[in-house]
Amino acid sequence: MPSKSSLVIFLHGIGASGAQVMPLAASWRSSLPNTCFAAPDAPLPHRYGHQWFIAEGNPLDPTRIRTAREAFDALMNDVVRAEGFADALARIAFVGLSQGAIVALDAVASGRWRIGAAVSFAGLLPPQQISSASRDTPVLLVHGQRDTTIPATASTLAAAQLGAAGFKVELDIEPGVGHTISSSGAERALTFLKQTLA
């Protein structure tokens with residue numbers, strides 16, 4: 001039995017590590033006192049840290065993301081079991097940034113993970129058939145309008161695709177923000193998680 005009522009799993013960006021996103025958890029702890037936080041390192045090595053899938057060449061090649069699913073699922077299952085939430089997937093949220101957001105959206109859109117919520121910062125939805133199996137998972141997409149790494153239109157498109165498949169989606173395009181998690185974006189995500197994991 002988990003000691004807390006919900007679990008937030010942070011999925012970092014390419015070339016980073018779980019430790020780099022834990023300050024966000026620290027800032028959210030007082031507002032989500034019954035939530036535990038985990039930030040695993042992505043399973044594949046990268047010259048600057050870790051990555052969820054190989055991004056050299058065409059980073060959006062759907063086969064690369066599909067190939068990475070097994071390792072992603074194994075790692076998430078390990079985290080979920082370790083935190084005591086194996087029988088409580090509806091109490092779990094994925095919060096991803098950039099490449100971490102891509103694998104989070106893929107996990108939900110493919111129907112593999114029927115979780116309580118998903119938050120994507122500066123992400124995109126890989127080209128795929130969207131499964132309705134996870135459509136009870138509310139999704140928040142936050143994207144900086146000045147993002148030159150992954151354009152904000154990617155989140156607008158993802159919102160339309162998920163919405164058409166029956167998902168409850170919220171979209172927040174932030175003016176003047178680049179490829180990052182802004183303080184206002186973090187605040188928006190916190191409000192969303194307080195509602196969805198309540």
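The values are calculated or read from the model by the stated rules, or taken from the named source; none is laboratory data. What you see is a predicted model; the values in this text were computed from it and never measured. Positions of Cβ are backbone-derived with ideal geometry, glycine not excepted, and every protein chain shown enters the neighbour counts. SASA here: full protein model, heavy atoms, side chains in, ligands and nucleic acids out. Shrake-Rupley method; radii C 1.70, N 1.55, O 1.52, S 1.80 Å.
Select from region 12-35 the residues that are within 21 Å of residue 105 (Cα to Cα) and not in a loop (DSSP other than H, G, I, E, B) and list them in ascending order. Outline the logic, then answer.
Of region 12-35, the ones within 21 Å of residue 105 (Cα to Cα) are 12-18, 20-22, 24-25.
Those that are within 21 Å of residue 105 (Cα to Cα) and not in a loop (DSSP other than H, G, I, E, B): 16, 18, 20, 21, 22, 24, 25.
Open to solvent by less than 10 Å² (accessible area, probe 1.4 Å) and more than 22 Å from residue 188 (Cβ to Cβ): is that true of residue 62 in this structure? For residue 62, the condition - open to solvent by less than 10 Å² (accessible area, probe 1.4 Å) and more than 22 Å from residue 188 (Cβ to Cβ) - is not met.
From the list 98, 5, 30, 17, which one is surrounded by 20 or more Cβ atoms within 10 Å (Cβ to Cβ) and of a type in the set (S, T, N, Q)?
Details: 5 fails: surrounded by 20 or more Cβ atoms within 10 Å (Cβ to Cβ); 30 fails: surrounded by 20 or more Cβ atoms within 10 Å (Cβ to Cβ); 17 fails: surrounded by 20 or more Cβ atoms within 10 Å (Cβ to Cβ).
Matching residue, one of 98, 5, 30, 17: 98.
Residues considered: 74, 86, 93, 122. Of these, the only one that is among the small types (Gly, Ala, Ser), more than 22 Å from residue 173 (Cα to Cα) and touching a helix residue (DSSP H, G or I) at 6+ places or on another chain (Cβ under 7 Å) is 86. For residue 45, the criteria (1) open to solvent by less than 10 Å² (accessible area, probe 1.4 Å); (2) free of Cβ contacts under 8 Å to residues at least 24 places away in the same chain hold in every case but one, which is (1). Set side by side, the residues 104, 109, 86 differ, and just one is under 30 Å from residue 3 (Cβ atoms) and crowded, with 19+ Cβ neighbours inside 10 Å, which is 104.
For residue 74, are the conditions met, namely being in contact with a Phe, Trp or Tyr (Cβ under 7 Å, 6 or more places away or on another chain), open to solvent by less than 70 Å² (accessible area, probe 1.4 Å) and assigned to a helix (DSSP H, G or I)?
Numbers: in contact with a Phe, Trp or Tyr (Cβ under 7 Å, 6 or more places away or on another chain): no; open to solvent by less than 70 Å² (accessible area, probe 1.4 Å): yes; assigned to a helix (DSSP H, G or I): yes.
So residue 74 does not fit the description; no.
This table checks each residue for (1) touching a residue at least 60 places away in the same chain (Cβ under 8 Å); (2) among the β-branched types (Val, Ile, Thr).
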| position | (1), (2) |
| --- | --- |
| 79 | yes, yes |
| 89 | no, no |
| 94 | yes, no |
| 98 | yes, no |
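Does residue 157 qualify as being open to solvent by 20 Å² or more (accessible area, probe 1.4 Å) and touching a residue at least 12 places away in the same chain (Cβ under 8 Å)?
Working: open to solvent by 20 Å² or more (accessible area, probe 1.4 Å): yes; touching a residue at least 12 places away in the same chain (Cβ under 8 Å): yes.
Yes.
Any residue in region 140-148 that is within 24 Å of residue 70 (Cβ to Cβ) and surrounded by fewer than 23 Cβ atoms within 10 Å (Cβ to Cβ)? Within region 140-148 (the criterion being within 24 Å of residue 70 (Cβ to Cβ) and surrounded by fewer than 23 Cβ atoms within 10 Å (Cβ to Cβ)), the answer is no, since none of the residues qualifies. The set of residues from region 112-125 being buried (at least 20 other Cβ atoms within 10 Å of the Cβ) and either assigned to a helix (DSSP H, G or I) or not hydrophobic (A, V, I, L, M, F, W, C) (or both) comprises 116, 120, 123.
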